[in-house]
Amino acid sequence: MSMPMRTPTSTPTRRTSTTSMPAGAGRPRAPVASTSLDLLDRSRASLLQACRTGDAGERYVEAHLGALRAAAALLAARSLPNGSGSPGTGRAIRTSTTRSRPRSVWELLPRVAPELTEWAAFFAASARRRAAIERGGRITARESDDLLRQAENFLEIVQDLLGLPRDTALAPISRYVAPVSWSGASSAGESGRGT
């Protein structure tokens, strides 16, 4: 599974000021709903929790949850109940009251933010891995750390897409990473990847 590459249109830049301006900052943006802001706060909290844990499986699950909440924040910001989309996006998803099969955030994300299609595919694959870990599968520290870094990058991209300034006074989440051990039961001398 390859990790998504940052494209010029979605690459956030770190700046020296206390806030960064998103691309197209001269355009007026619709205000971001409190639901989206809450989901972004919860996303960052999940990523910080992932950093604090010493278990690789728990780190992987928390990092994925952080990415999931960031994606949900973008969906919430760009979706209106009548399906008309938020001003200036040109995209929408229907949130009508008619019943249809449940859809994953990773299925819906490319419909409202096509520039994040590769990220959606990456995190959809990591969702399958997360489910295996929650059923007792094992994961290496490297895999959990890689997902944590990707989830942090994804959160920053979502913030940029929503036109939210970033407070550079906050250290990158990855500065808080604690040492991590293998997830799951292990026997002496066992090495290699689990499922």
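Coordinate-derived values only; no laboratory data. Small disclaimer: the values here were computed from a predicted structure and weren't measured. Note that each Cβ is placed from the backbone with ideal geometry, even for glycine, and that neighbours are counted across all protein chains shown.
For Asp55, the residues whose modelled amide H falls within less than 5 Å of its own, excluding neighbours fewer than 5 places apart on the same chain, are Ser181. For segment 130-137, backbone phi angles converted through the Karplus equation (6.51, -1.76, 1.60; θ = phi - 60°) give residue-by-residue couplings of 4, 4, 5, 5, 5, 8, x, x Hz, Gly and Pro being listed as x. Sorted ascending by nearby beta carbons within 10 Å, beginning with the fewest, Val180, Val32 become Val32, Val180. Between Arg149 and Ser104, the simple spin-label model (points 7 angstrom out along Cα→Cβ) gives 2.4 nm.
Packing, as the average of other Cβ atoms within 10 Å across residues, places the peptides 118-126, 100-108, 154-162, 135-143 in the order 154-162, 118-126, 135-143, 100-108, highest first.
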